[in-house]
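The next block holds one structure in the form of structure tokens; read it before the comments.
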């Protein structure tokens with residue numbers, strides 16, 4: 001029977017000889033160009049970000065509302081197969097970020113559809129797909145050089161150390177590859193990971209995944225500061241994309257940062273931590289105690305030293321009994337650049353909830369995602385100190401973890417990872 | 001230190017004597033009235049539905065985009081305690097559906113905040129909260145009359161029978177009470193369930209919960225038909241709220257339906273089924289096979305007998321070799337009212353994904369929710385037949401289940417469940 005041609009996700013199949021009449025609208029870079037649509041997408045769902053560029057999208061991109069994060073284990077054994085996978089992933093990601101089906105393959109009625117279809121008619125919804133490489137892609141835990149890439153392993157890409165109070169689930173940690181899919185519609189993010197998983201069949205297998213439902217950081221000055229599940233504004237002091245010099249200093253790897261890994265120039269490192277929040281305990285804590293632990297007030301997110309949300313916290317201001325208004329074991333104190341040799345992170349985390357445990361306690365928290373130029377100075381020392389001194393740790397438990405090298409963006413016609421495999 | 005008065009979730013705390021200045025704007029039925037907002041909510045996030053009325057909201061309400069469904073076990077042992085819980089839940093639900101904090105309690109700095117806070121500034125986002133009663137609220141599995149309600153147990157409210165191919169997880173099934181929270185923002189739905197769980201502390205404990213991320217049915221003619229994770233439009237033939245006579249006939253319990261349970265008049269029954277979809281297998285099936293299994297084409301959702309999406313399927317139309325164009329073991333055939341003695345259901349399901357299994361297969365599918373007047377004729381026979389004959393069952397597995405009596409709505413000043421406890 002007839003072949004099926006796909007042009008756009010809106011009216012995806014043109015059926016030749018089939019029973020159903022489907023429009024074959026031309027597609028020219030946006031949903032607006034489609035005339036055959038039965039369900040016109042509202043503007044927000046039509047938003048697209050570019051796949052090609054100096055940096056990957058999904059880092060300084062204004063944080064979208066929803067996340068689907070996935071880590072994969074490579075099952076292929078040759079470097080050619082790895083390249084095949086990365087090329088196929090880039091091609092599919094580039095298409096999906098434009099709101100197109102994952103593949104431009106001509107589909108026959110007698111073959112499985114090239115795209116799984118649940119995103120048909122939904123638009124790109126601001127989808128970004130960001131790829132990364134875990135330490136185990138370079139060397140197995142036994143030290144084996146799997147793909148002849150060991151000499152290119154960045155010195156910053158080592159397993160994170162054990163932090164006090166870590167209780168990591170190996171089924172929610174690690175991975176040779178990671179994919180961060182962010183969009184303003186969760187169905188779009190899920191569709192992206194599902195189709196990339198499908199494309200990886202025989203080359204890589206899904207290791208773990210995390211759905212996030214509410215961004216917990218702003219990455220643009222145009223975004224209001226959202227709240228985490230403790231009810232507090234989160235990410236007030238986050239790096240914003242508009243501060244180009246700060247981004248350059250703290251987020252992007254520069255040429256010369258690591259002589260063995262110049263392929264990382266223009267990339268970044270992603271620290272992923274699944275942080276379970278003990279909400280039931282928190283909810284029984286007084287407002288005063290909560291604000292003391294955080295170092296900000298709950299309503300406005302203003303530092304307890306006074307002023308408004310975006311005013312700098314003043315750690316020298318004292319109150320009764322000469323105690324500092326912002327406690328030295330508060331989250332704000334311990335996380336502030338002033339108390340961390342000036343380092344900053346670009347945080348891009350999401351709230352999550354994964355049901356409940358047998359006692360009826362919500363399995364919920366913050367899926368922490370931070371992009372940094374040097375994990376060894378920007379994340380590890382701070383987290384080591386926080387896990388020891390942060391009074392908030394009583395209400396937190398790190399239950400998943402991953403560190404990934406995020407390569408630079410791909411040039412048009414190339415693929416993410418090309419600088420590593422061919423550089 | 002000073003007391004804290006809350007008026008609205010926007011600028012929630014008025015701090016007396018505190019360090020932060022918080023506006024105390026009057027609240028008069030919608031976010032538009034708040035002048036103190038730092039982050040004005042877009043219109044969609046300000047949408048509200050009424051809590052009080054003849055029927056509970058969240059049934060014929062146009063299906064919102066996100067779901068958080070929770071089942072609870074009552075731990076209280078007296079009828080008074082049960083009433084206390086239901087009154088408190090209604091009060092909190094009514095407030096949250098208006099975009100207010102769960103409680104109007106005056107909060108002191110030395111007490112835990114009355115509301116957990118993560119919805120501050122977000123608006124009601126079309127939140128509906130719908131309460132239901134499981135069979136075990138009336139009689140334990142050993143037959144014990146727990147609250148003196150056994151004589152009022154509706155004859156329609158019995159444990160669902162075992163259907164062939166069921167593989168139910170007891171940790172995702174049953175419950176004395178259920179709460180369906182739907183909203184266009186998942187953070188609002190999660191906030192609602194979390195605060196109701198908190199209010200229930202000591203009276204009822206969360207048994208299981210399910211997050212849904214994309215509605216799979218339209219309940220209004222104004223809504224486009226969404227797609228399920230098989231990539232097909234789902235719910236084309238669903239009951240729409242605009243068809244008042246169909247809703248009255250198939251959804252709402254009428255006085256006289258059940259002499260022992262007249263308290264259910266104006267209510268409905270909710271069938272909840274967690275249906276795992278074997279997506280990896282489905283994704284390897286040809287488009288022809290997929291469309292044959294469904295009985296509709298994938299692009300438009302038109303019946304294979306011809307026409308467009310909303311045209312009636314014609315089961316007598318045959319093609320080559322005199323075979324019917326819509327197979328007799330297709331989903332559309334087996335689900336159609338014509339082949340089910342005219343019965344219909346109001347479906348209100350959601351797609352879900354809960355991570356992946358150890359083999360990297362997505363744990364995903366459809367959380368089926370259907371409201372019916374009589375489960376014994378509207379759901380059980382159809383599901384019994386489908387689980388035996390529906391060719392699609394090869395790709396499905398029912399992994400969770402619950403049946404709940406959904407009482408009528410509450411009158412202003414009363415609470416949901418009053419007709420049961422005091423009728």
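The values are calculated or read from the model by the stated rules, or taken from the named source; none is laboratory data. All figures in this text were calculated on a predicted structure; none of them were measured in a lab. With ideal geometry, Cβ positions are generated from the backbone for all residues, glycine too; neighbour counts draw on all protein chains shown.
Looking at the stretch A:241-252, is at least one residue within 13 Å of another protein chain (Cβ to nearest Cβ), farther than 26 Å from residue B:206 by Cβ and surrounded by fewer than 23 Cβ atoms within 10 Å (Cβ to Cβ)?
No, there is no match, as no residue in the stretch A:241-252 is within 13 Å of another protein chain (Cβ to nearest Cβ), farther than 26 Å from residue B:206 by Cβ and surrounded by fewer than 23 Cβ atoms within 10 Å (Cβ to Cβ).
Quickly run through the stretch A:316-336 and pick out the residues that are touching a helix residue (DSSP H, G or I) at 6+ places or on another chain (Cβ under 9 Å) and either crowded, with 20+ Cβ neighbours inside 10 Å or more than 25 Å from residue B:114 (Cα to Cα) (or both).
A:324, A:326, A:328, A:329, A:330, A:331, A:332, A:333, A:334, A:335
Being crowded, with 24+ Cβ neighbours inside 10 Å and either touching a strand residue (DSSP E or B) at 6+ places or on another chain (Cβ under 7 Å) or over 18 Å from residue B:229 (Cα atoms) (or both) narrows it down to one of A:163, A:147, A:201, A:133, so name that one.
Testing whether each residue is crowded, with 24+ Cβ neighbours inside 10 Å and either touching a strand residue (DSSP E or B) at 6+ places or on another chain (Cβ under 7 Å) or over 18 Å from residue B:229 (Cα atoms) (or both) leaves just A:133.
Being over 19 Å from residue A:237 (Cβ atoms) and assigned to a helix (DSSP H, G or I) is the filter; apply it to the stretch A:278-298 and report the residue that is farthest from the chain's Cα centre (by Cα).
A:288
Which residue is nearest to residue A:69 (Cα to Cα), if the candidates are limited to the stretch B:336-349 and must be away from chain A (no Cβ under 14 Å) and in a loop (DSSP other than H, G, I, E, B)?
B:348
Hey, could you check the stretch A:194-204 for residues that are under 15 Å from residue A:131 (Cα atoms) and either more than 8 Å from chain B (Cβ to nearest Cβ) or assigned to a strand (DSSP E or B) (or both) and say which is nearest to the chain's Cα centre (by Cα)?
If we take residues in the stretch A:194-204 being under 15 Å from residue A:131 (Cα atoms) and either more than 8 Å from chain B (Cβ to nearest Cβ) or assigned to a strand (DSSP E or B) (or both), then A:196 is nearest to the chain's Cα centre (by Cα).
When you check residue A:291 against the structure, is it facing chain B (nearest Cβ under 10 Å), farther than 19 Å from residue A:335 by Cα and in contact (Cβ under 8 Å) with a residue 12 or more places away in the chain, yes or no?
Criteria not met by residue A:291.
Taking the condition within 14 Å of chain B (Cβ to nearest Cβ), buried (at least 22 other Cβ atoms within 10 Å of the Cβ) and more than 18 Å from the chain's Cα centre (by Cα), does residue A:117 pass?
Considered against the rule, which asks whether it is within 14 Å of chain B (Cβ to nearest Cβ), buried (at least 22 other Cβ atoms within 10 Å of the Cβ) and more than 18 Å from the chain's Cα centre (by Cα), residue A:117 comes out as yes.
Listed here are the residues, each with its yes/no results for (1) surrounded by fewer than 22 Cβ atoms within 10 Å (Cβ to Cβ); (2) touching a residue at least 60 places away in the same chain (Cβ under 8 Å); (3) under 17 Å from residue B:209 (Cα atoms).
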{"residue": "B:342", "(1), (2), (3)": "yes, no, no"}
{"residue": "B:348", "(1), (2), (3)": "no, yes, yes"}
{"residue": "B:351", "(1), (2), (3)": "no, yes, yes"}
{"residue": "B:357", "(1), (2), (3)": "yes, no, no"}
{"residue": "B:369", "(1), (2), (3)": "no, yes, yes"}
{"residue": "B:386", "(1), (2), (3)": "yes, no, no"}
{"residue": "B:395", "(1), (2), (3)": "yes, yes, no"}
{"residue": "B:399", "(1), (2), (3)": "yes, yes, yes"}
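Just one of B:256, B:175 is in contact with a helix residue (DSSP H, G or I) (Cβ under 9 Å, 6 or more places away or on another chain), more than 10 Å from every other protein chain (Cβ to nearest Cβ), within 20 Å of residue B:371 (Cβ to Cβ) and surrounded by 19 or more Cβ atoms within 10 Å (Cβ to Cβ); which is it?
It is B:175.
Can you tell which of B:84, B:136 is in a helix (DSSP H, G or I), over 19 Å from residue B:269 (Cβ atoms) and under 24 Å from the mean Cα position of the chain (by Cα)?
Going through B:84, B:136 in turn, just one is in a helix (DSSP H, G or I), over 19 Å from residue B:269 (Cβ atoms) and under 24 Å from the mean Cα position of the chain (by Cα): B:84.
If a residue must be free of Cβ contacts under 8 Å to residues at least 40 places away in the same chain and in contact with a helix residue (DSSP H, G or I) (Cβ under 7 Å, 6 or more places away or on another chain), how many such residues does the stretch B:269-286 contain?
Matching residues across the stretch B:269-286 total 1.
In the stretch A:47-71, how many are under 16 Å from residue A:189 (Cα atoms), buried (at least 23 other Cβ atoms within 10 Å of the Cβ) and out of contact with any helix residue (DSSP H, G or I) (no Cβ under 7 Å at 6 or more places or on another chain)?
6
Only one of these conditions is not met by residue A:370: (1) touching a strand residue (DSSP E or B) at 6+ places or on another chain (Cβ under 6 Å); (2) modelled with pLDDT of 95 or more; (3) not in a strand (DSSP E or B). Which number is it?
(3)
Quick test for you: out of A:181, A:189, A:102, pick the one residue that is modelled with pLDDT of 95 or more, within 14 Å of chain B (Cβ to nearest Cβ), in a loop (DSSP other than H, G, I, E, B) and buried (at least 17 other Cβ atoms within 10 Å of the Cβ).
That would be A:102, the only listed residue that is modelled with pLDDT of 95 or more, within 14 Å of chain B (Cβ to nearest Cβ), in a loop (DSSP other than H, G, I, E, B) and buried (at least 17 other Cβ atoms within 10 Å of the Cβ).
Given A:333, A:352, which one is within 14 Å of another protein chain (Cβ to nearest Cβ) and not in a loop (DSSP other than H, G, I, E, B)?
A:352
For the stretch A:304-315: of the residues being at the interface with chain B (Cβ under 9 Å from one of its Cβ atoms) and farther than 19 Å from residue A:223 by Cα, which is surrounded by the most Cβ atoms within 10 Å (Cβ to Cβ)?
For the stretch A:304-315, the residue satisfying everything is A:304.
Conditions: (1) touching a strand residue (DSSP E or B) at 6+ places or on another chain (Cβ under 8 Å); (2) outside any helix (DSSP H, G or I); (3) over 16 Å from residue B:310 (Cα atoms); (4) away from every other protein chain (no Cβ under 14 Å). Residue B:219 meets all but one. Number of the miss?
(3)
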